[in-house]
Amino acid sequence: MLISSFGLFQILFDQAQRSVKQQLHNFVKDDVRKFKETKKHFDRVREDLEIAQVKNAQAPRNKPHEVEEAAGTLSLARKCFRHLALDYVLQVRHMTESLLQNVQCMLSFMHAQYSLFQQGYNLLDEINPYMKKLAAERSLVIDSREKGEREKKTCNHPAEGEFLF
């Protein structure tokens, strides 16, 4: 019985090593890394857009070619920002889906652990009468041995004032 319980524990441990650990490792290695890279790029493009907006606002209106250049730069920065904002949202969505898959994997693992421990509890509950019987028999053996040792001591050692003739 205990061997089968140990086998179940070994299977659960192997499952944790293969699936849960690997999925979490891939999530951190791939998804989080890609998300951080996209965020950095998004922040740079956002800053570029802010700079283009400031330059457009500060462009002297009496110099049409500078106004036109600032407006063109602002238009390109807006297009780039919009494109990257969509990529960023897509990356956030992908990361959220991946995170939900990892949570599902963890829940499956936790249910497996629950089942294992429930089976272990049921197994121990089934052998509880046997354990009590074994403990009672052990107590009887110890008591009888102690009683025998006391009898040996009283037989080998005479009481005070008695002689062995």
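The values are calculated or read from the model by the stated rules, or taken from the named source; none is laboratory data. Every value quoted in this text rests on a predicted model; they were computed, and no experiment measured them. Positions of Cβ are generated from backbone atoms using ideal geometry, with glycine treated the same way; all protein chains shown enter the neighbour counts. Only protein heavy atoms, including side chains, enter the accessible area calculation; ligands, DNA and RNA are left aside. Shrake-Rupley method; radii C 1.70, N 1.55, O 1.52, S 1.80 Å.
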- In the range 102-116, which residue that is loosely packed, with under 13 Cβ neighbours inside 10 Å and not small (G, A, S) is farthest from the chain's Cα centre (by Cα)? Y114
- Task: Report whether or not K21 is surrounded by 11 or more Cβ atoms within 10 Å (Cβ to Cβ) and among the charged types (D, E, K, R).
- Result: yes
- Has the range 57-78 got any residue that is surrounded by 15 or more Cβ atoms within 10 Å (Cβ to Cβ), of a type in the set (A, V, I, L, M) and touching a Phe, Trp or Tyr at 6+ places or on another chain (Cβ under 6 Å)? no
- Query: Within the range 122-129, can one find any residue that is in contact (Cβ under 8 Å) with a residue 24 or more places away in the chain, farther than 26 Å from R46 by Cα and open to solvent by less than 80 Å² (accessible area, probe 1.4 Å)?
  - Reply: yes
- Note on the structure: Counting only residues in the range 31-56 that are open to solvent by 80 Å² or more (accessible area, probe 1.4 Å) and among the acidic types (D, E), the one nearest to H94 (Cα to Cα) is identified as E37
- Query: Of these, L12, L8, which one is of a type outside the set (D, E, K, R), assigned to a helix (DSSP H, G or I), touching a residue at least 12 places away in the same chain (Cβ under 8 Å) and open to solvent by less than 40 Å² (accessible area, probe 1.4 Å)?
  - Reply: L12
- Item | Verdict on H83 being open to solvent by 50 Å² or more (accessible area, probe 1.4 Å) and free of Cβ contacts under 8 Å to residues at least 40 places away in the same chain | yes
- Item | Long-range neighbours under 9 Å by Cβ, at least six apart or interchain, first residue in a loop (DSSP other than H, G, I, E, B) within the range 51-70, second surrounded by 12 or more Cβ atoms within 10 Å (Cβ to Cβ) | A59/E66; A59/V67; A59/E69; A59/A70; A59/A71; P60/E66; P60/V67; R61/V67
